[in-house]
1. State in Å² the accessible area per residue of segment 36-110; use a 1.4 Å probe, count heavy atoms of protein chains only, and round to the nearest integer.
2. Would you mind calculating the gained length between Ser56 and Arg108 on full extension (0.36 nm times residue separation, minus the Cα-Cα distance), in nm to one decimal?
Amino acid sequence: MINKTLVALAATFTLALPGAAMAGSNDMDVIVDGNSGATTRTISVSVADLNLASTSGMRRADSRLIRASKQVCGYVNGSIIPVTDDYRTCYGSAIEGARSDLNNLAQRQG
């Protein structure tokens with residue numbers, strides 16, 4: 001069971017490398033990192049289709065970052081049972097870093 005879970009996670013997430021840049025495969029990706037214990041999970045969130053100079057574009061981007069932050073910290077199938085302090089710390093750090101990177105992208109774009 002644990003091996004299947006690890007294989008599924010490895011297929012879904014890319015492990016973060018030290019010194020990874022803010023941008024992923026292109027200049028319009030935001031990297032969301034979640035550190036839970038000794039595990040780091042990363043998702044690259046594309047915002048290339050959004051106008052980050054508009055309020056609605058930033059709201060849509062933030063919604064994507066919230067969802068990705070939950071995923072990298074262990075939120076699965078609508079709930080994490082139980083919600084732990086480790087999850088809250090992971091989520092807070094993940095969303096804070098992602099929003100900072102998004103704001104930097106928005107400044108460069110607009």
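The values are calculated or read from the model by the stated rules, or taken from the named source; none is laboratory data. Here the structure is a predicted model, which is why all the values come from computation and not from measurement. When the accessible area is computed, the model is the full protein with side chains, heavy atoms only, and any ligands, DNA or RNA have been set aside. Shrake-Rupley method; radii C 1.70, N 1.55, O 1.52, S 1.80 Å.
1. 58
2. This chain segment gains 17.0 nm when fully extended.
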